[in-house]
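See below for the structure under consideration.
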Amino acid sequence: MKCSICHYVSPPDGPAHNARTCPLKQTQCRWSLREDHPFFEGGQCVRAACVHKQNCDMCGVRGHMYGTQALTVERWNFNNKGRLVRKQTTRPLCKDDLVCALMTELSICSMVDNSLSVSTAAANDAHQRQVSTSRLHANANAERLDIEETVRVMERLGSDAKVLQKENKVGFKTLCKNAHLGAVAAGHLAASAAESSRDDSTPPFSDADV
């Protein structure tokens with residue numbers, strides 16, 4: 001799928017990226033357009049954070065922001081349900097597509113490059129999470145993951161599982177390593193390891209503690 005705004009091409013296993021999710025999707029408010037504009041909408045905008053209430057940090061003019069796109073007939077039209085939609089086009093963004101009069105071709109290229117970088121980073125992160133999740137599901141038989149690596153994969157995934165907490169991790173690892181001994185024996189060993197770990201982490205008493 002290719003974004004019609006920044007032309008980013010989404011990978012098959014990455015997050016969806018299109019004109020609705022693109023970082024550059026911000027457009028003019030239809031209620032702020034002139035009455036003779038083809039896309040003008042009568043009434044009053046009730047959105048508290050609408051762009052028409054903002055001041056551009058580039059030119060200082062109220063009504064748009066840096067990168068706000070103009071609602072032009074070259075890029076927009078009404079569909080058969082009367083909704084304003086973006087046209088499918090391969091034409092890259094240019095100064096005529098943006099509201100701010102101080103935007104240059106260089107600043108537009110920089111803006112698009114930043115969008116592509118953000119989207120690429122998000123896709124890479126999603127891919128790494130997918131690979132880690134797949135390896136974790138495959139577990140020891142298919143991927144030869146031992147308990148140490150399983151814990152590391154879970155931590156990289158940002159898991160908040162109780163077994164990953166410091167006070168539980170030692171007991172969890174010991175329990176898994178000794179599962180072949182049976183539930184009772186493995187449980188006793190895990191309890192002993194956890195108790196030993198707590199003892200090691202507790203500072204010795206001093207005269208000041210008495």
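Structure above, values below:
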{"quantity": "Where a residue in segment 38-60 is at negative phi and in contact (Cβ under 8 Å) with a residue 60 or more places away in the chain and its partner, wherever it lies, is assigned to a loop (DSSP other than H, G, I, E, B) and of a type in the set (Ser, Thr, Tyr), with Cβ under 7 Å and at least six apart", "calculated": "none"}
{"quantity": "Qualifying position, being at pLDDT 90 or above and touching a His at 6+ places or on another chain (Cβ under 8 Å), among 71, 84", "calculated": "71"}
{"quantity": "Selection count, segment 56-96, where residues are within 22 Å of residue 115 (Cα to Cα), over 26 Å from the mean Cα position of the chain (by Cα) and not in a loop (DSSP other than H, G, I, E, B)", "calculated": "3"}
{"quantity": "Every pair of residues 6+ apart whose Cβ atoms lie under 7 Å, when the first sits in segment 97-108 and is closer than 19 Å to residue 73 by Cβ while the second is surrounded by 16 or more Cβ atoms within 10 Å (Cβ to Cβ) and charged (D, E, K, R)", "calculated": "97/75"}
{"quantity": "Qualifying positions in segment 8-41 - of a type outside the set (A, V, I, L, M, F, W, C) and modelled with pLDDT of 90 or more", "calculated": "25, 26, 27, 28, 30, 32, 34, 35, 36, 37, 38, 41"}
{"quantity": "Yes/no for residue 78 being touching a helix residue (DSSP H, G or I) at 6+ places or on another chain (Cβ under 8 Å), over 27 Å from residue 107 (Cβ atoms) and not β-branched (Val, Ile, Thr)", "calculated": "no"}
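To keep it simple, each residue is scored yes or no on (1) of a type in the set (Lys, Arg); (2) buried (at least 16 other Cβ atoms within 10 Å of the Cβ); (3) in contact with a Ser or Thr (Cβ under 9 Å, 6 or more places away or on another chain).
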position: 12; (1), (2), (3): no, no, no
position: 15; (1), (2), (3): no, no, yes
position: 30; (1), (2), (3): yes, yes, no
position: 61; (1), (2), (3): no, no, no
position: 64; (1), (2), (3): no, yes, yes
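The values are calculated or read from the model by the stated rules, or taken from the named source; none is laboratory data. All of these numbers come straight from a predicted model, not from anything done at the bench. Quick reminder, even Gly has a Cβ in these numbers, built from the backbone with ideal geometry, and neighbours come from all protein chains shown.
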